[in-house]
Amino acid sequence: MSNVPKEAIEVIAQSIGITNLSPDVAIALAPDVEYRVREIMQEAIKCMRHSRRTVLTADDVDSALNLRNMEPIYGFTSRDALRFKRAAGHKDLFYIDDKDVEFKEVMESPLSKAPIDTSVTSHWLAIEGIQPAIPENASVEAAPSDGKKAEYKDDGTSVDVKLPVKHVLSRELQLYFDKIAEITMNRSFSVVFKQALLSLATDSGVHPLVPYFTYFIADEVARNLNNFPVLFALMRVARSLLQNEHIHIEPYLHQLMPSIITCLVAKRLGNKFTDNHWELRNFAAKLVASICKRFGHVYHNLQPRVTRTLLHAFLDPTKTFPQHYGAIQGLAALGPSVVRLLILPNLEAYLQLLEPEMALEKQKNEIKRHEARCVYGALLRAAGLCMYDRLKMFPSLLAPPTRPIWKSNGKVATTNKRKASTDNLMQQPPAKKIATESAMGMMPINSMQADVQGAASSFSNTVGGSNIGVSSMTRPLSNDNMLGREVGGRVSKTSTVLAQAWKEDTDAGNLLASLFELFGESMLSFTPNLSFHSSFD
Amino acid sequence: MENMQAVNNFVAAYLKKKGFKEAEQLLEDLQNKDSAPIDFHNDPELAKFIHHFSQSEDDVARYQDGYSKLRSWTYSSLDLYKHELLRVLYPVFIHSFMDMVAKGHLQEARTFFNNFREDHELMHSRDLQKLEGVLSQSHLEEMEFARSLRQSKVNIKICQYSYDLLLQYLHKTQSTAMLGVINEHINFQVSSGQPSSISDDAEVVTLIGSCQDTANQINQKEIHWGLLEDSLEERLEKAGGLLSDSEKTEEENKEGDGDETKKRSVESGKQGASTKKLKKEKALNATAKSARPEASTTPAAPRVKAKLPLPLMSTEVEQSILEDLRNRVQLSSVLLPSVSFYTFLNTHNGLNCSSISHDGSLVAGGFSDSSLKVWDMAKLGQQGGSSILQAENDSTSSEHVVGPNGGKRSYTLFQGHSGPVHSATFSPLGDFILSSSADTTIRLWSTKLNANLVCYKGHNYPVWDVQFSPVGHYFASASHDRTARIWSMDRIQPLRIMAGHLSDVDCVQWHANCNYIATGSSDKTVRLWDVQNGECVRIFIGHRSMILSLAMSPDGRYMASGDEDGMIMMWDISSGRCITPLMGHSSCVWTVAFSCEGSLLASGSADCTVKLWDVTTSAKVPRNEEKSGNPNRLRLLKTLATKSTPVYSVQFSRRNLLFAAGALSKNL
């Protein structure tokens, strides 16, 4: 019935030499022992409190015993916790391990260092109620967590919680920000939004709001990935901010870029089929390009990082076509040299993958087919623009109209027929429509007829070999020697031509031929106009 | 006929027990005659009673049974009346337990206690801990707490309907054991109308036996809580008119944020009428903060005569205090004080108390190794500075009561006690220190001479606390011997002994007008004593654990007390009621202090924080609102966390700078 078992009483009795303790006495004593122990502990707790402590020590028990006019229990004043050990063979007998200490050893051991004397230091815990951030004070983060909770608990309404705002926005700017945010989120089709964009692009006073806007864009893009109008509106806001000459947006680019890249290569943008996410991707691509152009010299690693991200998206076959589209558009927007360096070497292999997706027989899914065609269009455009750029740089390439051998025409035509059939199904940029119509007629005019023929013959060979993918980026040196400037290069395969496209000195003519091989006559629309006219004459 | 015989026997046993000898005789006669036995069976009431009486032998089980039934009935009762009925459970519980112990059914009592203790753990854990130790009849006798419980009745306020419900239940279930306990130990104060609100249960929290009645009686006594006549502050107000010219510039700087400034301006009449109007409005708002009269003609705080002969103050000292008062920062909920924190390092868990002088220049620490150490903060800052000061230090240190390497020490060591020093207090002028120790003595030390002047012997047990009066000269002490004593510096015998607490007196504090002292005790009450006649004039009941700290508001109207659980209670001295409990600390509140104009309360706790509370918001609560529901009006303004340093003392300087002190402890 008592917490003290009678066995314990018996053990204690034995220890002080009473061997013939009757069980009745033990039973009667046990509750009294418990009562006395409790009494002592109650006094000990009082002593503890008056020593301003919350942990009970052996000293407190001693003082409590003292209060009751009892001898304190000596030998327990050590500061470390006492470790009781269970006596072997007994369930309920414990003892404190007391080591024998050699007196000689104690005598000979060097004196332990004297404890450091007590001292007092002073510091400011608070200055007019605010805790200064000095090492003597507890870190501020830890403290308010429970402090604030208590405040709310005590009085929910009347506590003035001060937010840690370092610079305070004026009321007007806050209103402005709220208004813009509201328009962006809800009324992006209204005229007001256009005005807002204009204001953002021109107003010099919005600078204090830049961090808020970048945060707003980043936040809302992450939250509204399936809300197409909002995404588009946000991108427009981003563009306006970037256009504004008065604001210093560089420090916030790192916040802005992920959002824009997201709008470029996200798996899904908007939740409806009708959402024209292609347009959004185009928009974002332009935005990325403009940022890279504007800030590329300040942040020298900006463009490499962007291109790396986009290239990864482009080369990853597991990514969806819209993502590929976005990546291609992004890369294309960065300029022809990027296309030449990064897209062209992988073009052929990619087209091999793309081909079956576009074919009516192989891909039954209308949407997939449509997507594939969009990607094809993007690739075409990228490659075409790149070529255009080359041709423009070396206009002489088109000048010599070395009349080609007509006999090859038939062969080329056959290959082109196949292409053309697919091309008809293909969605193309309107500018290129004409090209399809006049494909047959234009063929002979192509100054690179021979190349095309050569390339076409080699086309069948390369269809099987798909090892030209990324590996071709390694620019094998041996090929450099093989490829001359002269037309002898025609022996080279399309793939190597494309792979070598990054080299300045690669013949643009070769390039055109290869591209023509891959894209068919639609590529011709990218040759500079001048040549077109002249050839038609 | 056998049945008949049994009935007769029961009746006989009953009569014997109750001592109805004649009736017993009569019954015996009747039985012997056996002529016409009373037809017990036709009287169902009687039969029932007899039936119950027959069970009296195994009534231990009935306590258990009855209590558990009463408990489940209470818990399933109507929500509106539940909390009233729940209050009944606790006294029934402890008295059932003690009844069982008294009847010698110890084993059953223990099981009963353990079965149901959880219900009351929240409210009464400390009482339960005490009662848990009661294991035999003799303990009941020995233990004061149990004895006082047994001897007195508990008052429980209950509304008519709850009372009816309870009676109905008890009659219907015929739980006579419970009925007995309730009749014997509970005194119902039945009130008509709606049941009282839950928060209004201050009286229920503490069962202190007979105290309740006497407390109510005592709390009727008149108290003059007003400030002293002709105090320095009053003199300052009067002098304000003269001083205002020289301080006009300062006044304009501080405009609007201070009473004194206001007063001065009102008297000098140099401010426009509009500001005056503003002030009048403010005055209307601050109903309770009326200790400072807005105009000298209508003092809101009554002035009282000192009952003690007050010591005289030298003019220089007076001037310096006046100067301090004039330069005081007016604190409010929007203007929080600066806090200077003194950290004791390397105390090796030996620091028992700390005290800071009024100007913050001296810090004293009482240690468990019987020593009292005093640091001069002004010297501390300059140490190793100019050689002149160093030399000065050395010259003074030769007079110190110090050990062999006294010159190097950063503090002055006062040795004399032979037990742990539990409390130290500076005189208002900082020239004396009093320390109290477990060796039952109080010692007076001079900071000028660095020597022990007097040893006051009078207490029989450790002296837990000692406090100088606000005017100096007099001091009060609190001891384990359950008394508080008033002393004056020039006599070695106490002037008054305040006895009445049921347990240790743990802390003591003077009222602002020096006519009263307040004591906090382990019996969970705070008492206010008249210094002149030694009578207890107020009992403040409401704390749930030992009271560790006390503070009096400078206007004399309020008192704050902090307890072991981290609760601080704000009391209205004149009514004896708790205005509002301040919840926020999670551990022992070692110290509380009012700011000098009484608008803020600072508290320091073992949870390593200093908290600042708004006093004025609570004062604005209208009386009637106060009574109904006790809204938690006192706001926690700020929590200042220290770096693992429990706060042992907080103290506002006369200029309203807050000083706090504590010992850095690593093992927290």
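The values are calculated or read from the model by the stated rules, or taken from the named source; none is laboratory data. Just so it is clear, the structure is predicted and the values come from calculations on it, not from any experiment. With ideal geometry, Cβ positions are generated from the backbone for all residues, glycine too; neighbour counts draw on all protein chains shown.
Matching residues to (1) within 14 Å of chain A (Cβ to nearest Cβ); (2) over 14 Å from the mean Cα position of the chain (by Cα):
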site	(1), (2)
B:Arg544	no, no
B:Leu550	no, no
B:Asp572	no, no
B:Pro581	yes, no
B:Leu612	yes, yes
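Which one is nearest to A:Ser337 (Cα to Cα), of the residues in segment A:289-303 that are without any contact (Cβ under 8 Å) to a residue 24 or more places away in the chain and surrounded by 13 or more Cβ atoms within 10 Å (Cβ to Cβ)? I'd like the intermediate steps shown before the answer.
Keep residues of segment A:289-303 that are without any contact (Cβ under 8 Å) to a residue 24 or more places away in the chain, which gives A:293, A:296-297, A:300-301.
Retained after the next criterion (residues that are surrounded by 13 or more Cβ atoms within 10 Å (Cβ to Cβ)): A:293, A:296.
Working: A:Lys293: 13, A:Gly296: 15 Å.
Filtering first and then ranking leaves A:Lys293.
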Report, ordered by the first and then the second residue, all pairs with beta carbons closer than 6 Å, sequence separation of six or more or different chains, a first member in segment B:137-158 that is within 11 Å of chain A (Cβ to nearest Cβ), and a second member that is of a type in the set (S, T, N, Q). none
Is at least one residue of segment A:227-248 free of Cβ contacts under 8 Å to residues at least 24 places away in the same chain, surrounded by fewer than 21 Cβ atoms within 10 Å (Cβ to Cβ) and over 24 Å from A:Arg187 (Cα atoms)? yes
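Can you find, within segment B:352-364, the residue that is farthest from A:Arg53 (Cα to Cα) among those that are surrounded by 24 or more Cβ atoms within 10 Å (Cβ to Cβ) and more than 7 Å from chain A (Cβ to nearest Cβ)?
Looking only at segment B:352-364, we keep the residues that are surrounded by 24 or more Cβ atoms within 10 Å (Cβ to Cβ), and these are B:352-357, B:363-364.
Filter again for more than 7 Å from chain A (Cβ to nearest Cβ), leaving B:354-357, B:364.
Numbers: B:Ser354: 13, B:Ser355: 16, B:Ile356: 19, B:Ser357: 23, B:Ala364: 18 Å.
Ranking the qualifying residues of segment B:352-364, first place goes to B:Ser357.
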Just one of A:Thr307, A:Thr318 is of a type in the set (S, T, N, Q), out of contact with any Asp or Glu (no Cβ under 9 Å at 6 or more places or on another chain) and over 26 Å from A:Asn224 (Cβ atoms); which is it? A:Thr307
Report yes if A:Ala143 is within 9 Å of another protein chain (Cβ to nearest Cβ), at pLDDT 65 or above, over 30 Å from the mean Cα position of the chain (by Cα) and under 23 Å from B:Val339 (Cβ atoms), otherwise no. no
Which numbered condition A:Pro31 fails, given (1) under 26 Å from B:Ser649 (Cβ atoms); (2) facing another protein chain (nearest Cβ under 8 Å); (3) touching a Leu at 6+ places or on another chain (Cβ under 9 Å); (4) surrounded by 20 or more Cβ atoms within 10 Å (Cβ to Cβ): (1)
Taking the residues in segment B:437-471 that are surrounded by fewer than 18 Cβ atoms within 10 Å (Cβ to Cβ) and within 14 Å of chain A (Cβ to nearest Cβ) as candidates, determine which candidate is nearest to A:Lys46 (Cα to Cα). B:Tyr461
Checked segment B:311-321 for anything surrounded by fewer than 18 Cβ atoms within 10 Å (Cβ to Cβ) and assigned to a helix (DSSP H, G or I); matches are B:Thr315, B:Glu316, B:Val317, B:Glu318, B:Gln319, B:Ser320
Just the residues that are over 25 Å from B:Ser522 (Cβ atoms) and in a strand (DSSP E or B), please, taken from segment B:475-495. B:Ser488
Listed by range, strands (runs of 3 or more DSSP E) wholly within segment B:534-575 having at least 1 residues that are in contact with a Pro (Cβ under 6 Å, 6 or more places away or on another chain) and crowded, with 20+ Cβ neighbours inside 10 Å are B:568-572
Would you pick out the residues in segment A:122-135 that are facing chain B (nearest Cβ under 7 Å) and in a strand (DSSP E or B)? A:Ser122, A:His123, A:Trp124, A:Leu125, A:Ala126, A:Ile127
Residue check, B:Met498 in a strand (DSSP E or B), within 14 Å of another protein chain (Cβ to nearest Cβ), crowded, with 23+ Cβ neighbours inside 10 Å and modelled with pLDDT under 95: no
Does any residue in segment A:58-74 that is assigned to a helix (DSSP H, G or I) come within less than 6 Å, Cβ to Cβ, of a residue that is among the β-branched types (Val, Ile, Thr) six or more places away or on a different chain, and which pairs are these? A:Ala58/A:Thr77; A:Ala64/A:Ile40
So which residues in segment B:317-343 are within 14 Å of another protein chain (Cβ to nearest Cβ), of a type outside the set (S, T, N, Q) and out of contact with any Gly (no Cβ under 6 Å at 6 or more places or on another chain), if there are any at all? B:Val329, B:Leu331, B:Val334, B:Leu335, B:Pro337, B:Val339, B:Phe341, B:Tyr342
Matching residues, segment A:300-330, being in contact with a helix residue (DSSP H, G or I) (Cβ under 7 Å, 6 or more places away or on another chain) and not in a helix (DSSP H, G or I): A:Pro317, A:Lys319
Can you tell me which residue among A:Ser119, A:Ser158 is over 37 Å from the mean Cα position of the chain (by Cα), modelled with pLDDT of 85 or more and either facing chain B (nearest Cβ under 9 Å) or exposed (fewer than 10 other Cβ atoms within 10 Å of the Cβ) (or both)? A:Ser119
Between a first residue in segment B:59-82 that is more than 13 Å from B:Asp119 (Cα to Cα) and among the charged types (D, E, K, R) and a second residue that is at pLDDT 75 or above and surrounded by fewer than 18 Cβ atoms within 10 Å (Cβ to Cβ), which pairs have beta carbons less than 7 Å apart while being 6 or more apart in sequence or on different chains? B:Lys69/B:Thr173
Just checking, which of B:Phe188, B:Phe113 is at negative phi, within 14 Å of chain A (Cβ to nearest Cβ) and surrounded by 14 or more Cβ atoms within 10 Å (Cβ to Cβ)? B:Phe113
Hey, A:Leu269 outside any helix (DSSP H, G or I), within 19 Å of the chain's Cα centre (by Cα) and farther than 22 Å from A:Val206 by Cα or not: yes
